[in-house]
Amino acid sequence: MGDAGLVALILVVGMFGLMAIGVSVSVSIGLPSAICLVILMGHESGIFTSAQKIYNGVDSFALLAIPLFVLAGAIMNQGGIASRLIDFAKAIVGPMPGALAQTNCVTNMLFSTISGSSLACASAVGAIMSPEMEKDGYDMRFAAAVNIASAPAGMMIPPSNTVIVYALVSQASVGALFLAGYIPGILWILTCMVLVHIYARKRPELKGKGFPPFKDGLKAFLRALPSLGLIVVVIGGITIGVFTATEGAGIAVVYALVLSLIYRTVRVQDIPQLLLTATRTASVVVFLIALSSIMSYAMVFANIPVLIADWLTGFTSSKIVFLLIMAIILLIIGIPLDATPAVLIFTPIFLPIAVEYGVHPVHLGMMMMFNMGLAIISPPSAPVLFVGARVAGKKVEDVIGPLMPFFIALIVMLLVVQYVPALSLWLPTAAGMIVAPA
């Protein structure tokens, strides 16, 4: 067995074996990777290189954006932002069939632009919407499915932490990736809304209640406007080049804190707990990135990406077939893995091959984000699936049936995003941030 085969065997068996016995994902990735380097390079060099890669993996100014956006999201979550966005979403979708379920979809889209987290969307929005939907006569299995299916839009709509991780690994522009995520993210939500419409049309009791009085609609908009202003300030500033993504994250923290203090939903004495909560969340991601750097180096050292590229290009010369194979692999592997480790592991493998096939790195990023969004709601085990079922007071197995139509429709939309690059590349190209391939 050559070096590549040995490394692949140790990584696969070691990683999934350790996770199976309850070891954290970070350690499950880092430990087998370090063992590979020790075998390939010798005891002293392997240990020294592993330590060096851990340091290099987090020695990045751009990486600071993740803990800062996490902190901004934590402040907004406690700041009562979700309820303001729900009122605004109700005003938008009032006359539509299944108005409360449509509100859930729209609110998840709006809230994802603030929290940057699919889990935060499923938890915060679901906790508020579930009691209202139950009172309005919704089947709570369907209500949970709507919340679960619409939450992963935050994987693409900025400021997504997973997009930042992809940018770090691929060296693609964070600003370009942020812009690229809007159309796929909106298409995700529209897909969910179409299915809700079809469901509600067959149930007259779920018909829309009409637009609210103009005065109430304007009040809901004005209450949500300061929160929505965060999107304009941060994403707008990054897009036009006023500041970097990391600086924008710092501005987001200040904006969120000032807004929450004005709303009086966050007190000064709450700040230490918010810092602790954000630190715990962000440290998991940063530690994962650090240890994944060992795996990336071990795979490159053993020439695994080149061998996979040679196999794929030898297997097919078709870009369409390659993208389909990649989507299937990511969907299957993404089920046991969280989105962040999946991106860290597979970006170094697929990016060089995709570029060889003429796929733009920004387009590849959106394909991976959409795919990972599907993975985190995939039965039988996915984090958003568990959270969404729990906040609705249902078992996971009860939710899987109503979720499947959403899952199938979103797979079809994945193929649309995958094979129509303009959906991902048009906005960053129009903004002059990238040059789209001919």
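With unit charges on the beta carbon (Lys/Arg positive, Asp/Glu negative), name the residue among V38, Y419, Y255 whose Cα is farthest towards the positive pole of the charge dipole of the chain. Projecting each Cα onto the dipole axis, the largest value belongs to Y255. Let a ≥ b ≥ c be the square roots of the eigenvalues of the Cα gyration tensor of segment 1-76; is it rounded (a/c under 1.5), or, if not, prolate (a/b larger than b/c) or oblate? Oblate, because a/c is 1.5 or more while a/b does not exceed b/c.
On a 1.4 Å probe surface of the protein chains, which of W311, W188 comes out largest in accessible area, and what is the full order?
Solvent-accessible surface, decreasing: W311, W188.
Ligands, DNA and RNA excluded, the heavy atoms of Y182 present near 50 Å² of accessible surface to a 1.4 Å solvent probe.
Computed with a 1.4 Å probe on the full set of protein chains, the accessible area for M41 sits at about 60 Å². Each peptide among 225-236, 360-371, 342-353 gets the average number of other Cβ atoms lying within 10 Å of its residues, and from highest to lowest they stand as 360-371, 342-353, 225-236. Check the chain and count each lysine pair with an alpha-carbon distance under 23 angstrom, considering only pairs eight or more places apart or from different chains. Qualifying lysine pairs in the chain: 13. Sorted on the mean count of surrounding Cβ atoms within 10 Å across their residues, most packed first, peptides 30-36, 318-324 read 30-36, 318-324.
In the chain, the DSSP-assigned H stretches of four residues or longer account for a calculated mean residue ellipticity at 222 nm of -26000 deg cm²/dmol, using -39500 (n - 2.57) per stretch and the full residue count as denominator. Here the accessible area is traced with a 1.4 Å probe on the protein chains. For the chain, carbon and sulfur cover 69 percent of it. Segment 285-312 and segment 101-163 have Cα centres lying 34 Å from one another.
Taking the centroid of alpha carbons for each part, segment 12-60 and segment 379-428 are 32 Å apart.
Can you give me the angle between helix 245-263 and the longest principal axis of the chain, using Cα atoms only, in degrees from 0 to 90, rounded to the nearest 10? On a 0 to 90 degree scale, this one is about 30. With an a/c value of 1.5 or above and a/b not larger than b/c for the gyration tensor axes a ≥ b ≥ c computed over the alpha-carbon atoms, segment 197-343 is described as oblate.
Projecting the Cα atoms of A220, M372, I328 onto the charge dipole of the chain (Cβ charges, centred on the Cα centre) puts A220 farthest toward the positive pole.
Helix 140-150 and the long axis of the chain differ in direction by around 60°, with both axes built from C-alpha atoms.
In the set [x] 42; [y] 14; [z] 19, which value of percent of Cα pairs over 39 Å apart was calculated from the structure you see? It is the one labelled [z]. For D216, the solvent-accessible surface computed with a 1.4 Å probe is close to 80 Å², ligands and nucleic acids excluded. Would segment 132-246 count as rounded, prolate or oblate if I go by the C-alpha gyration tensor, calling it rounded below 1.5 in a/c and otherwise prolate when a/b exceeds b/c, oblate otherwise? Since a/c reaches 1.5 but b/c is at least a/b, the shape of segment 132-246 is classed as oblate. Against the chain, whose longest principal axis is taken from its Cα atoms, helix 99-115 shows a tilt of about 50°. Charge dipole of the chain (Cα centre as origin; +1 on each Lys and Arg Cβ, -1 on each Asp and Glu Cβ, all else neutral): 1320 debye, rounded to the nearest 20.
When L187, L274 are compared by accessible area at a 1.4 angstrom probe, the order from most to least is L187, L274. For segment 341-438, the set of trypsin sites (Lys or Arg not before Pro) satisfying both a DSSP loop assignment and a count of at most 13 other C-beta atoms within 10 Å is given as K395.
The values are calculated or read from the model by the stated rules, or taken from the named source; none is laboratory data. Note that the coordinates shown come from a computational prediction; the quantities given were computed from them, not determined experimentally. Because the Cβ atoms are built from the backbone with ideal geometry, glycine has one as well, and the counts that use them run over all protein chains shown. Only protein heavy atoms, including side chains, enter the accessible area calculation; ligands, DNA and RNA are left aside. Shrake-Rupley method; radii C 1.70, N 1.55, O 1.52, S 1.80 Å.
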